[in-house]
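Notes follow once the structure below has been shown.
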Ligand code: HDE
């Protein structure tokens, strides 16, 4: 099924030349010699020593010994998929000459890798973390990599701080703890000394950091890039990905439990969705700013700790990305894919954002050590569609066999080939920006407002989101052992919102410091005058921005959502089947959970297939729960009652048959009226209400007055 079919698209066709299967084939060595015994080493006698001569055993073990390569220093844990991108129309042709962004007939193959940032390759998917959203477009004009995140801003403004940030968030160096978590002293020590991270911290402490699915999160290019048209005119652009399933998250308690029940939760979700034909879709959005408007905003377009609020510049949706094929081999594709912000094509160009500039160095450099040499572009997943014809030669693992005498330019012996391309012939030409400056180690004053957008983000959250954000801060800082770090961090929070600072301080058992007149910056160069580096306070004319709250996301679909149907012998077969059919009609899946695997016996004697037992299932792995009639025996099943309690605590839709009230009576929440809980004996009506509820994703209002014990 997954082997790329030649002709699917140009990239699949190219990859198919490198894929192989063992079916109907002999086992052989890497030299092609057939092997007749793969079970025993060559020995001197059947009880004797093994012989060095055994080239078959030595080749096999040597290869095994070298199977591992270094994991990515950040974004080590990831999952990827193939797909296609198609632009809706040619409206961007006034702004860019890139054909894949302007030609609605072009279908561009893509490979997309999602990731967490801090954890190791084997860490849990549900860590509180930023998610990587890296897209490689295999365009006819070469590869374009949009190496983005699911949050539109970053922690730092200058690339030189990146190693410090990553050292601070990674497990602490003396004891390598904690894994895949920012809730520890070194991270918050650094953050509390870096006021420029305030905005990003709001995103990281929000539910965006614990997505329900890679399929339900936004993506952002973060930096301001440029589009460049045929005439060479440049327009600033911010790139966005908008998921067609909306933006949804899980609860923090749930995230921690998923990490135990299924640490591959996001990986599995992506894999299964694609296998089942629920192809993840995202629209590409652009915010365009004319060059002459560069300075009309109350922030600097080059500052990666700032968004352009959608109220100031609307996001135009220009095309769609569809992920439609799982990789054939994790290592060959997902692990070896090499992204780089400097992989651009004519029509797209860079800006002077100092974070972007540093990234332009880092990505090639990291691939050299990770993939072992300068020929990583020849690994099948990294190959561009156009044939590579240049004068670069040799190096470890060279695949290409270049013919001819010349490997330099200019040459006459090779007829001057390969020759340079003019702009009109598709040659990349950097935008001819005028620069007239002193060489300084400095930061622009226009980067010094660290708090106004952090406050904008906080003010834009729904009441439930604000509670989650405060709880996340209380949790993270609660894990910090150094009280001075907690205090300093509360001090930073006073700059963002005094109410938030007060709530967090209270949870930490601290007093709330007065918001200082002058915000404090602890990161000041040794011979700098502190006054020159004080953050500045900027007043935004925008109180809140709707796009920043997930409460305003799309809530119109239950496609690919998973519902647990809790059963026991005697369950009403008709209800189970009718609910499954109703869910299936909307693209959702109803999975039967029962005391044991195999089949559960329905009230009509029919055997109903079981997907999970109460031992293998957990409420945190489902979006909603249905309890049909005929399940009275579950009153005595602690796992089933816990399942319901936990689903209630995580604010998930719950539907139950009126005849199952005894079981509901055994839960903490009981049969009273609760938002997102539906009961009835008319299945059509019950299923209809339940499905409408599922579209809402969660009923956070159930969290007040306080969580139930589950
Ligand atoms: Fe990265 N980043 N990054 N980053 N980044 C890497 O490259 C780096 C930044 C992002 O799925 C590394 O191949 C520096 C911002 C993603 O393979 C490395 C700086 C954004 C991925 C690197 C940043 C990102 C990476 C590690 C600050 C969002 C995973 C392995 C100047 C716009 C790509 C690798 C994949 C990976 C460096 C900041 C996104 C070391 C120096 C901002 C999605 O090169």
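Since every read-out is calculated from the coordinates, none of them should be taken as a lab result. Note that the structure is a prediction, hence the values are computed from the model and not measured. Cβ atoms come from the backbone with ideal geometry, glycine included; neighbour counts cover every protein chain shown.
Classify the stretch 563-662 as rounded, prolate or oblate, taking a ≥ b ≥ c as the square roots of the eigenvalues of its Cα gyration tensor: rounded when a/c is under 1.5, otherwise prolate if a/b is larger than b/c and oblate if not. Judged from the Cα gyration tensor, the stretch 563-662 comes out rounded (a/c under 1.5). A full extension of the chain between residue 436 and residue 24 corresponds to an added length of 141.6 nm, given 0.36 nm per residue minus the alpha carbon distance. The order of the peptides 214-222, 605-613, 275-283 by mean Cβ neighbours within 10 Å, most packed first, is 214-222, 275-283, 605-613.
By other beta-carbon atoms within 10 Å, ranking 182, 462 with the fewest at the front produces 462, 182.
The relative contact order of the stretch 411-564, computed from alpha carbon pairs under 8 Å that lie at least 6 residues apart in sequence, is 28 percent.
Highest mean packing first, where packing is the average number of other Cβ atoms within 10 Å per residue, the peptides 491-498, 502-509 line up as 491-498, 502-509. As a length-normalised measure over Cα pairs under 8 Å and 6 or more apart, the relative contact order of the stretch 555-703 settles at 24 percent. Over the residues of the chain, the helix contribution to mean residue ellipticity at 222 nm works out to -7500 deg cm²/dmol, using -39500 (n - 2.57) for each DSSP H run of at least 4.
The ranking of 614, 626, 458 by Cβ neighbour count inside 10 Å, starting from the fewest, reads 614, 458, 626.
The stretch 44-114 and the stretch 208-240 have Cα centres spaced 23 Å apart. When Rg and the Kirkwood radius Rh are both evaluated on Cα atoms of the chain, their ratio Rg/Rh stands at 1.00. Taking N as the residue count of the stretch 447-551, its C-alpha radius of gyration divided by 2.2 N^0.38 Å amounts to 1.15. The Cα center of the stretch 561-580 and the Cα center of the stretch 316-372 differ in position by 45 Å.
Residue ranges 194-206, 31-43, 552-564 sort as 194-206, 552-564, 31-43 when ordered by packing (mean number of other C-beta atoms within 10 Å per residue, highest first). Mean separation of Cα pairs under 8 Å and 6 or more residues apart, divided by the residue count, gives the stretch 333-485 a relative contact order of 17 percent. Over every Cα atom in the stretch 78-382, the radius of gyration and the widest Cα-Cα span, Dmax, amount to 18.8, 57 Å. Taking other C-beta atoms within 10 Å as the exposure proxy, 703, 67 rank 67, 703 from fewest upward. The shape of the stretch 570-621 can be summarised by an equivalent ellipsoid whose semi-axes, obtained from the alpha carbon gyration tensor, come to 17, 17, 7 Å from longest to shortest.
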